[in-house]
Amino acid sequence: MKKKEDDEICIRDMTIDDLPKVFHIGEEIFTSERFPLMYRTWDSFEIASLYTGDAEFCVVAEKSGRVVGFAMATFIEKSRSAWKYGYVAWLGVKKRHHRRGVGMKLYKEIEKRLRDAGARMIIVDTEQGDVEALNFFKKVGFNTARKHIWMTKTFK
């Protein structure tokens, strides 16, 4: 009997034991070669900080007992504003599991959690040239690209 690929993917809460696995998947994805000017850094402090601050918005995708992807978001409430925001900080799927619905399942779970918490808007960011990410986020309903300018200064 043939199993459906889709049936094997389980989205669950991230646990502290998942952090090393998530870190290594992110190391494969968010490399300096692929993103030489990424303004945020993929490091253990970043993921530990998100996990300890907003664990309810940190999930993993598991297939056959192995973590194959993750999503990490945070919830933002601005003082003196009725607006509450969700910010998807990181979403990553192992390359061999791309185009199998894993990223979609991760994103949908994060969106549900952020909406349930009262978010009225979700924000994501990616590099301008990351066509795969841009297409993915358009597919899940992001439609207004805003320009945010950041600058770099290198030292000799």
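In this structure, is Met72 closer than 19 Å to Gly103 by Cβ, of a type outside the set (Phe, Trp, Tyr), modelled with pLDDT under 95 and under 16 Å from the mean Cα position of the chain (by Cα)?
no
On the stretch given as the stretch 130-144, residues that are surrounded by 11 or more Cβ atoms within 10 Å (Cβ to Cβ) and in a loop (DSSP other than H, G, I, E, B) total 3. Within the stretch 110-122, the set of residues being crowded, with 19+ Cβ neighbours inside 10 Å and part of a helix (DSSP H, G or I) comprises Ile110, Arg113, Leu114. Please verify whether the stretch 123-136 includes one or more residues that are at pLDDT below 95 and among the hydroxyl-bearing types (Ser, Thr, Tyr). The answer is yes, given that some residue of the stretch 123-136 is at pLDDT below 95 and among the hydroxyl-bearing types (Ser, Thr, Tyr). If you take the residues in the stretch 78-88 that are in contact with a strand residue (DSSP E or B) (Cβ under 8 Å, 6 or more places away or on another chain) and more than 12 Å from Leu114 (Cβ to Cβ), which one is modelled with the lowest pLDDT? Here the residue is Lys78. The conditions of being part of a strand (DSSP E or B), modelled with pLDDT of 95 or more and out of contact with any His (no Cβ under 6 Å at 6 or more places or on another chain) are not met by Met104.
In this structure, does Arg96 turn out to be surrounded by 12 or more Cβ atoms within 10 Å (Cβ to Cβ), out of contact with any helix residue (DSSP H, G or I) (no Cβ under 6 Å at 6 or more places or on another chain) and within 27 Å of Glu62 (Cα to Cα)? The answer is no for Arg96. Over 19 Å from Glu132 (Cα atoms), in a helix (DSSP H, G or I) and β-branched (Val, Ile, Thr): does that describe Ile76? Considered against the rule, which asks whether it is over 19 Å from Glu132 (Cα atoms), in a helix (DSSP H, G or I) and β-branched (Val, Ile, Thr), Ile76 comes out as no. Every test in (1) exposed (fewer than 12 other Cβ atoms within 10 Å of the Cβ); (2) touching a residue at least 24 places away in the same chain (Cβ under 8 Å); (3) under 25 Å from Glu8 (Cα atoms); (4) of a type outside the set (Asp, Glu) is passed by Trp83 save one, and that test is (3).
Going by the structure shown, is Leu19 modelled with pLDDT under 95 and either in contact with a Cys (Cβ under 9 Å, 6 or more places away or on another chain) or not in a loop (DSSP other than H, G, I, E, B) (or both)? Considered against the rule, which asks whether it is modelled with pLDDT under 95 and either in contact with a Cys (Cβ under 9 Å, 6 or more places away or on another chain) or not in a loop (DSSP other than H, G, I, E, B) (or both), Leu19 comes out as no.
Within the bounds of the stretch 55-67, is there any residue that is closer than 18 Å to Asn135 by Cα, touching a strand residue (DSSP E or B) at 6+ places or on another chain (Cβ under 8 Å) and not aromatic (Phe, Trp, Tyr)? The answer is no, given that none of the residues of the stretch 55-67 is closer than 18 Å to Asn135 by Cα, touching a strand residue (DSSP E or B) at 6+ places or on another chain (Cβ under 8 Å) and not aromatic (Phe, Trp, Tyr).
The values are calculated or read from the model by the stated rules, or taken from the named source; none is laboratory data. Computed from a predicted model, the values in this text were never measured in an experiment. Neighbour counts are summed over all protein chains in view; Cβ atoms, including those assigned to glycine, are modelled from backbone coordinates with ideal geometry.
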